[in-house]
Amino acid sequence: MNHLGDTFINGAWRPAGGTQLDVINPASEAVEATITTASAQDVDDAVAAARAAFDGGWSTSDPQERRAALERILVEYDKRADEMVEAMTSEMGAPLGFSRSVQIAMPRERFVMAAKILQDYRFEEQVGTSLVVREPVGVCAFITPWNWPLNQAASKIAYGLAAGCTIVWKPSEVSPLSAIVLTEAIAAAGLPEGVFNMVQGDGPSVGAQLSSHGDVDMVSFTGSTRGGIAVAQSAAATVKRVHQELGGKSANLILPSADFAKAVAAGTKLCFRNTGQSCQAPTRMLVERSRMDEAAEIAARAAEEMKTGDPREQGTDLGPLVSKVQWDRVQGLIESGLSEGATAVTGGPGKPEGLDTGYYVRPTVFRDVTNDMRIAREEIFGPVLCLLGYDSEEEACAIANDTPYGLATYVSGSDPEALKRVSRAIRVGRVYLNYAAAKGDVPFGGYRQSGNGREQGVHGLEDFTELKAILGYAAA
């Protein structure tokens with residue numbers, strides 16, 4: 001891999017002017033690579049390049065030109081798939097098979113969908129004697145997380161480019177290696193100079209500078225709610241557009257009409273996907289109180305069937321958590337669950353047997369959790385499932401809504417009317433019925449402290465645009 005010490009600004013790689021930062025392999029706890037962060041001057045230069053490119057023609061380019069650019073990125077992306085898999089497994093511990101089939105496949109779909117939408121999307125609409133026009137919002141700063149390092153980035157980059165915006169991207173400093181490979185793909189696609197720029201660094205320095213920068217028109221952030229608050233506060237002085245996809249504490253309602261054993265087992269495994277490091281993971285499973293014993297047995301068995309271990313070893317389902325900081329946080333939350341009276345039916349504190357090196361966690365299932373416990377209220381971001389009981393559909397919906405978050409909810413059942421009632425009763429941005437597959441042609445985003453704005457699909461494209469009304473157009 002090249003460019004560990006570089007930024008990508010105005011169509012060229014150049015040495016970064018900041019400090020060196022080690023990238024830790026979470027499976028070995030060893031230094032995997034060392035990158036160089038961007039200096040304040042690098043950030044200013046990247047924003048200036050994006051501004052010049054926006055004003056210089058990208059904002060008014062033909063949508064079909066932008067579609068062709070996205071398709072060229074896809075060609076270069078595919079050439080580097082193996083390198084992306086290797087980078088992602090090294091930097092965040094995702095099992096090789098999962099890196100390839102999910103972590104790399106999903107970002108690719110974002111570029112495919114954005115290009116497809118541009119084939120016939122209309123940026124202008126006649127309304128009476130007026131013309132309503134969607135124009136690109138401007139220079140966009142994209143700040144993305146480590147847990148889905150390319151998917152969350154592609155959800156912004158593909159649609160920002162499609163809309164005609166220019167971009168300065170700051171990937172997570174925890175997972176910067178796959179970002180370098182994606183940037184190499186975009187660089188090889190031959191976009192006009194300055195349309196896409198990438199700077200490495202952390203949130204308090206590079207992220208804060210981008211958020212407050214007077215020449216940035218929009219900042220789109222994916223990460224923790226605490227980080228989103230900091231971004232919004234930093235952006236407030238310049239009244240720029242702030243677009244956020246933040247935390248979640250998703251409920252998983254197993255309704256009386258569900259295939260109970262199948263729904264509980266599938267929900268457990270989905271909760272642990274990506275080693276539980278997903279903002280919309282179904283971490284609160286709601287089951288009829290009278291079936292708690294049965295649910296606990298099924299969930300424990302499903303958790304124990306998942307293999308935790310070396311992400312490079314065939315058959316591994318769960319790799320390590322991304323960092324020591326994250327491991328310590330998850331351990332603290334598991335301990336809090338026990339101290340507050342929940343029962344761990346499998347898993348618990350500490351590392352799995354035989355895995356002394358690496359940030360591994362024992363897949364844990366808690367039963368008899370109440371919604372006032374920390375493990376039911378805080379985003380754990382690890383392989384920890386909470387089982388909560390309910391006595392009525394109304395109580396289940398009330399528990400699901402009793403959270404500051406509103407990103408996603410999962411509902412299993414065979415009664416169409418009940419599925420519809422529950423889906424409408426819960427205030428979240430997405431509802432997955434019977435574990436429906438995630439789709440990139442519909443909007444993704446949340447209510448309340450899960451953020452604002454939407455990504456993906458037509459609605460995701462439109463979130464990177466401004467609306468202009470031209471009155472009297474028909475008479476002009």
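The residues of the range 421-450 that are assigned to a helix (DSSP H, G or I), closer than 19 Å to Leu246 by Cβ and without any contact (Cβ under 8 Å) to a residue 60 or more places away in the chain amount to a single one, Arg448. Listed conditions (1) assigned to a loop (DSSP other than H, G, I, E, B); (2) crowded, with 24+ Cβ neighbours inside 10 Å; (3) β-branched (Val, Ile, Thr) are all met by Val168, apart from (1). In summary, Ser224 fulfils each of the numbered conditions (1) touching a residue at least 60 places away in the same chain (Cβ under 8 Å); (2) under 21 Å from the mean Cα position of the chain (by Cα); (3) farther than 22 Å from Ser278 by Cβ with the single exception of condition (3).
Can you tell me how many residues in the range 20-46 are β-branched (Val, Ile, Thr) and touching a Gly at 6+ places or on another chain (Cβ under 9 Å)? Residues flagged as β-branched (Val, Ile, Thr) and touching a Gly at 6+ places or on another chain (Cβ under 9 Å) within the range 20-46 amount to 5. Candidates are the residues of the range 436-476 that are hydrophobic (A, V, I, L, M, F, W, C) and touching a Lys or Arg at 6+ places or on another chain (Cβ under 7 Å); the one that is surrounded by the fewest Cβ atoms within 10 Å (Cβ to Cβ) is Leu467.
This table checks each residue for (1) under 30 Å from Asp62 (Cα atoms); (2) of a type in the set (Val, Ile, Thr).
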| residue | (1), (2) |
| --- | --- |
| Val199 | yes, yes |
| Val239 | yes, yes |
| Glu245 | yes, no |
| Ala251 | no, no |
| Arg273 | no, no |
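Restricting to the range 406-420, name every residue that is surrounded by fewer than 16 Cβ atoms within 10 Å (Cβ to Cβ) and either among the charged types (D, E, K, R) or in contact (Cβ under 8 Å) with a residue 24 or more places away in the chain (or both). Step through it out loud before you land on a result.
Let us first name the residues in the range 406-420 that are surrounded by fewer than 16 Cβ atoms within 10 Å (Cβ to Cβ), namely 414-417, 420.
Ser414, Asp415, Glu417, Lys420, listed by residue number.
Could you list all residues from the range 353-366 that are touching a residue at least 40 places away in the same chain (Cβ under 8 Å), assigned to a loop (DSSP other than H, G, I, E, B) and over 13 Å from Gln331 (Cβ atoms)?
First pass over the range 353-366, keeping only residues touching a residue at least 40 places away in the same chain (Cβ under 8 Å): 355, 357-365.
Narrowing the set further to residues that are assigned to a loop (DSSP other than H, G, I, E, B) leaves 355, 357-363.
Across the range 353-366, the qualifying residues are Leu355, Thr357, Gly358, Pro363.
The set of residues in the range 62-81 being surrounded by fewer than 17 Cβ atoms within 10 Å (Cβ to Cβ) and more than 25 Å from Ala179 (Cβ to Cβ) consists of Asp62, Gln64, Glu65.
Considering only the range 1-108, give the strands (runs of 3 or more DSSP E) lying wholly within it that have at least 3 residues that are in contact (Cβ under 8 Å) with a residue 24 or more places away in the chain and of a type in the set (S, T, N, Q). It would help to see each step written out before you state the result.
Details: elements: 6-9, 12-15, 20-25, 30-36.
Answer list for the range 1-108: none.
Just one of the listed residues (Arg80, Arg100, Arg110) is assigned by TED's automatic domain parsing to the domain that holds Ala30, touching a Phe, Trp or Tyr at 6+ places or on another chain (Cβ under 9 Å) and among the basic types (Lys, Arg), and it is Arg110. Any idea how many residues of the range 323-347 are touching a residue at least 12 places away in the same chain (Cβ under 8 Å) and touching a strand residue (DSSP E or B) at 6+ places or on another chain (Cβ under 9 Å)? The number of residues fulfilling the criteria is 12. Residues that are touching a Phe, Trp or Tyr at 6+ places or on another chain (Cβ under 8 Å) and charged (D, E, K, R) were ranked within the range 425-475; the one that is farthest from Ala163 (Cα to Cα) is Arg427. Just so you know, in the range 141-187 the residues that are touching a helix residue (DSSP H, G or I) at 6+ places or on another chain (Cβ under 7 Å) and polar (S, T, N, Q) include one that is nearest to Ala69 (Cα to Cα), and it is Thr166. Taken across the range 185-199, residues that are closer than 18 Å to Leu461 by Cβ, crowded, with 23+ Cβ neighbours inside 10 Å and polar (S, T, N, Q) do not occur at all. Every residue in the range 439-476 that is within 20 Å of Val133 (Cα to Cα), in contact with a His (Cβ under 8 Å, 6 or more places away or on another chain) and modelled with pLDDT under 95, please. Hit for the range 439-476 is Gly453, nothing else.
Residues of the range 210-255 that are closer than 23 Å to Met373 by Cβ and out of contact with any helix residue (DSSP H, G or I) (no Cβ under 8 Å at 6 or more places or on another chain): Ser224, Arg226, Ser250. Taken as a whole, the condition of being assigned by TED's automatic domain parsing to the domain that holds Gln64, under 20 Å from Phe8 (Cα atoms) and of a type in the set (Asp, Glu) does not apply to Glu135. Within the range 121-130, can one find any residue that is closer than 27 Å to Ala49 by Cβ, surrounded by 24 or more Cβ atoms within 10 Å (Cβ to Cβ) and in the same structural domain as Asp202 (by TED's automatic domain parsing)? The answer is no; no qualifying residue exists.
The values are calculated or read from the model by the stated rules, or taken from the named source; none is laboratory data. Quick caveat, the model's predicted, so the values are computed rather than measured. So basically every Cβ, Gly included, is an ideal-geometry build from the backbone, and we count neighbours across all protein chains shown.
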